[in-house]
């Protein structure tokens, strides 16, 4: 009887160690920084420029339409809200559990027309994890457009609009992106027309 109890203790201890190793490995993968390319803010001003202005609600509808159309599948479902800040609100599927997520960013239009989103707050369920861990987890786990680059160490998301080329060859530039006043000025740059 004593020998049988020792086998169960050994098996239980071994199972606990395996669980701790798996959880440790998952946590390590979450905090391991992803290699990212350096931030490029160069700008080439060539082509025909068409300026336009939009409001927060129209731009929010356009962004969410694009997200639903292109990136609705997968473990992360989210939408963007434009209030005083840029809010990313969604749900994460982790271990078959749905966890509510909200991240807020302060937007800044860069000189080259890109948009830089600086993290201001994050809440994921009742977890209280550092922002860089959450951003690193998102960068490694979820599919974002190639022109959305996440820099967890800096707590920023670089929306590389100069890398976004529309089907007609046009590019988008953010001229002004002020959510406090609601002034959002964008520009479309069309390639030079050859005659």
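Observations, loosely collected:
- Projected label distance in nm at residue 164 and residue 66, using a 7 Å step from Cα toward the beta-carbon: 0.2
- Contour excess over end-to-end distance, with Cα ends at residue 16 and residue 108 and 0.36 nm allotted per residue: 28.3 nm
- According to the calculation over all Cα-Cα pairs in segment 46-190, the P(r) per 10 Å bin from zero is 11, 41, 35, 12, 2 %.
- Shown is the FRET efficiency for residue 6 and residue 121, computed with R0 = 35 Å from the Cβ-Cβ distance and rounded to the nearest 0.05: 0.10.
Taken together, the values in this text are just the output of simple stated rules run on the coordinates, not laboratory data. From a predicted model like this one, the values you see are computed outputs, not experimental measurements. Positions of Cβ are backbone-derived with ideal geometry, glycine not excepted, and every protein chain shown enters the neighbour counts.
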